[in-house]
Amino acid sequence: MSRIKNIFQSLRKQGQKAFIPFITAGDSGLNNTFELMQILVANGADVIELGVPFSDPMADGPVIAKSHERSVADGVSLRDVLTLVEKFRQTNDTTAIVLMGYLNPIEVFGYQAFADVASESGVDGILVVDMPPEEAQDLKACLDGADIDFIFLVAPTTTNERLAALANIASGFVYFVSLKGVTGAGHLNIDIVNTNMSRIRQFINLPIGVGFGIKDAATAKVVSKSADAVIVGSSLVSFIEKYNENKDKMLASVGALANEISRAIKE
């Protein structure tokens, strides 16, 4: 059983939902990212989404886009991210790690080589923002062979026909983009979120994580009533940018917000 599937099944038995924080690997330095991952686990993270730095993060809003820029400027590569996960696995074998990013670095690495190294490093799933399911079969075959879950985005505009197609390729969980727009944008309409989750569940029998627009504990709590997981990124990344020169304040701020959100969705 995959680590992701095991986490969701265990939480479901406890009547709880998963907390999935996002940070960009290498933002403020790879050593800081490693410490941030540990802080997130200590404050309730069940799955950590690690952004793979990319020069053109077109699905991301200003906060996360700037985090990509900082990491790219520091020369952080996909191989560096995989090495970071391997280091994390030396002390943590329970928290799931999902790489979230764009196709180009994986294309350059090579599908099979990436799947092999990612599996050896301890990666549990990947989400490739700009890869449509119609073109994903070759990568899926490599990931399936490495026991890595292939996670896909679902938007409010995703058609029923596309949901049916995703049901045949997605694994682990699906990531529902609760807003039309980029990461960090807008305000949630919970009625629209609930309607879409009911529609998704008619076609896809996987846990649903909800992200985009979840900025605080109060919003996370509302979303958690119907979602299987709450995904938070921009609010955490903003602290990394704000306290980039003060590691102690950065770690404390990220940990405090993670704790507030985790407690809100698990009470």
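The values are calculated or read from the model by the stated rules, or taken from the named source; none is laboratory data. In this text the structure is predicted, and so the values were computed from the model without any measurement. Neighbour counts run over all protein chains shown; Cβ positions are idealised from the backbone, glycine included.
Listing for the model above:
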| read-out | value |
| --- | --- |
| Single residue of region 43-71 satisfying the filter (closer than 25 Å to Asp149 by Cα and of a type in the set (D, E, K, R)) that is modelled with the lowest pLDDT | Asp60 |
| Check on Asp138, among the acidic types (Asp, Glu) and over 24 Å from Val210 (Cα atoms) | yes |
| Single residue of region 129-153 satisfying the filter (crowded, with 22+ Cβ neighbours inside 10 Å and β-branched (Val, Ile, Thr)) that is nearest to Gln202 (Cα to Cα) | Ile151 |
| Flag for Val174 being crowded, with 22+ Cβ neighbours inside 10 Å, in contact with a Ser or Thr (Cβ under 7 Å, 6 or more places away or on another chain) and of a type outside the set (Phe, Trp, Tyr) | no |
| Residue check, Lys221 at pLDDT 85 or above and closer than 24 Å to Ile4 by Cβ | yes |
| Qualifying residue in region 64-74 (condition: farther than 26 Å from Asn246 by Cβ, of a type in the set (Ser, Thr, Tyr) and in contact (Cβ under 8 Å) with a residue 12 or more places away in the chain) | no |
| Scope region 152-165; condition within 18 Å of the chain's Cα centre (by Cα) and not in a loop (DSSP other than H, G, I, E, B); matching residues | Phe152, Leu153, Val154 |
| Yes/no for Ala146 being among the aliphatic types (A, V, I, L, M), in contact with a helix residue (DSSP H, G or I) (Cβ under 8 Å, 6 or more places away or on another chain) and under 25 Å from Ala115 (Cβ atoms) | yes |
| Region 51-78, residues that are surrounded by fewer than 24 Cβ atoms within 10 Å (Cβ to Cβ) and either in contact with a strand residue (DSSP E or B) (Cβ under 6 Å, 6 or more places away or on another chain) or part of a helix (DSSP H, G or I) (or both) | Phe54, Pro62, Val63, Ala65, Lys66, Glu69, Arg70, Val72, Ala73, Leu78 |
| Given (1) in contact (Cβ under 8 Å) with a residue 60 or more places away in the chain; (2) under 22 Å from Asp130 (Cα atoms), index of the condition Val177 fails | (1) |
| Qualifying residue in region 88-97 (condition: touching a Phe, Trp or Tyr at 6+ places or on another chain (Cβ under 8 Å) and of a type in the set (D, E, K, R)) | no |
| Among residues of region 218-231, those that are among the hydrophobic types (A, V, I, L, M, F, W, C) and out of contact with any helix residue (DSSP H, G or I) (no Cβ under 6 Å at 6 or more places or on another chain), counted | 5 |
| Contacts under 9 angstrom Cβ, first residue in region 94-105 being in a strand (DSSP E or B), partner surrounded by fewer than 19 Cβ atoms within 10 Å (Cβ to Cβ) and of a type in the set (S, T, N, Q), 6 or more apart | Ala96/Ser2; Ala96/Asn6 |
| Region 18-41 - residue that is over 17 Å from Gly233 (Cα atoms) and in contact (Cβ under 8 Å) with a residue 40 or more places away in the chain and, of those, surrounded by the most Cβ atoms within 10 Å (Cβ to Cβ) | Leu30 |
| Top-ranked residue of region 187-243 - restricted to ones that are without any contact (Cβ under 8 Å) to a residue 60 or more places away in the chain and touching a Phe, Trp or Tyr at 6+ places or on another chain (Cβ under 6 Å), ranked as nearest to Val254 (Cα to Cα) | Val210 |
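A quick yes/no check of all residues on (1) touching a Gly at 6+ places or on another chain (Cβ under 8 Å); (2) over 14 Å from Val154 (Cβ atoms); (3) among the acidic types (Asp, Glu); (4) not in a strand (DSSP E or B):
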{"residue": "Val193", "(1), (2), (3), (4)": "no, no, no, yes"}
{"residue": "Asn196", "(1), (2), (3), (4)": "no, no, no, yes"}
{"residue": "Arg199", "(1), (2), (3), (4)": "no, no, no, yes"}
{"residue": "Ile204", "(1), (2), (3), (4)": "no, no, no, yes"}
{"residue": "Val210", "(1), (2), (3), (4)": "no, no, no, no"}
{"residue": "Ile214", "(1), (2), (3), (4)": "no, yes, no, yes"}
{"residue": "Ala218", "(1), (2), (3), (4)": "no, yes, no, yes"}
{"residue": "Ala227", "(1), (2), (3), (4)": "yes, no, no, yes"}
{"residue": "Val237", "(1), (2), (3), (4)": "no, yes, no, yes"}
